[in-house]
1. Quick one: order Val224, Val281, Val198 by neighbouring beta-carbon count within 10 Å, fewest to most.
2. Just add up the charged neighbours of Ala187: K/R +1, D/E -1, any other residue whose Cβ is under 14 Å from the Cβ of Ala187.
3. Arrange the following residues from fewest to most other Cβ atoms within 10 Å of their Cβ: Ile153, Ile46.
4. Considering Cα pairs under 8 angstrom that are at least six residues apart, work out the relative contact order of region 170-259 and quote it in whole percent.
5. How much length would be gained if the chain were fully extended between Lys303 and Ile232, taking 0.36 nm per residue of separation minus their Cα-Cα distance, in nm to one decimal?
6. Can you put Arg40, Arg193 in order, fewest other beta carbons within 10 Å first?
7. Taking Lys142 as the anchor, which lysines have their alpha carbon closer than 28 Å to its alpha carbon, excluding any fewer than eight residues away along the same chain?
8. For region 237-301, restrict the atom set to alpha-carbon positions and state the Rg and Dmax in Å.
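Since every read-out is calculated from the coordinates, none of them should be taken as a lab result. For clarity, every value in this text was computed on a predicted model and none was experimentally measured. Note: ideal-geometry Cβ built from the backbone for every residue, glycine included; neighbour counts use all protein chains shown.
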Amino acid sequence: MVESKHDKYFSRNMLMIQKLSQEGSVSVAELAEEFNCAVRTIYRDIEKLHFFPLELNAGVVSIAEGFSLGQSNLQENELLIAELAFSAIEDIDTRTHKHIQAIRSKLSYPLFFTPYTIKAENFEPIKMDSELLNKMEDAITKNNVSKITSHTITSRVEPYKIVAFDGFWYLLAKDLKDQKIKTYLIAHVSEFRATTEVFAKTNIDKILENVHTAWFADGNSFEVKIKVKPQIAHYFKLKKHLTSQNILKENNDGSLIVSFEVSSDEDVDNLIKSWLPHIEVIKPARFRKKMILELEEYVKELKQLHYEF
């Protein structure tokens, strides 16, 4: 028996919800590959699943903070049937939308609420189904060499990933002129066009392990060594603030000597400044001097300012 369009939709979404229930989060690209459909299809599916507490960030769909599918008294297929029924009613009569939203709200809170919550980063608003992003997605999926125009400069690139750094969206791609991997702020991209030329697949996940910020400088690598004072040492022992973080030594006074492997000063600049005055840069001397000069200039400007309160 041939599976109908509705059957495929139900099966695909059923499996997606089950996967989220088990894993907590999964990339849209992975779902599209698993279900042999376009990335846009997965985005449309997610948009229709109003009943489920789902969030979409940087191409990854996950359970919304403070919620868990495992807390529900209904099984995933029962929840999906309820959502499909709501959607069908809304398609027939749009005037029911307000009432259905109220029902969804009353049902979803007791079904999914959990005492745990994770504070998510605020992201730059972006329309996932825009023409520009659709072009980028297709080029990435098909490994098409593309032409990108940003700040009036046009470059031939191999597009690899759409990524988010500090809440802003970028295209991670290799500039074929100098063979360097770079980040292109999507908000500044005025034109993007894929060519018929195909490039060889790259292990982009391996590359991303060493990409800490949008200031990533391909081909450049150096060590930054810092001293973390006892007051904040436990925060560096609890987790890695960058993937390259390495605790070299714990001193008798509780302070730590920590190193990072970075590609640019900006990779670690904001991290260090956010923990001042409890962090000291040991090396490189150039970076230490730069930090001191910036802080001295900042203090100088503060002293010159006069505010009336």
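1. Details: Val224 23, Val281 18, Val198 11.
With the fewest neighbours first, Val224, Val281, Val198 line up as Val198, Val281, Val224.
2. Combined, the nearby Lys, Arg, Asp and Glu give -2.
3. Working: Ile153 8, Ile46 19.
Lowest count first: Ile153, Ile46.
4. Details: 84 pairs, mean separation 20.6, N = 90.
Relative contact order of region 170-259: 23 percent.
5. Working: separation 71, 0.36 × 71 = 25.56 nm, distance 2.81 nm.
So the extension gain works out to 22.7 nm.
6. Numbers: Arg40 16, Arg193 12.
Arranged by neighbour count, lowest to highest, Arg40, Arg193 become Arg193, Arg40.
7. Correct list for Lys142: Lys5, Lys8, Lys19, Lys48, Lys127, Lys161, Lys174, Lys177, Lys180, Lys182, Lys201, Lys206.
8. 12.7, 38
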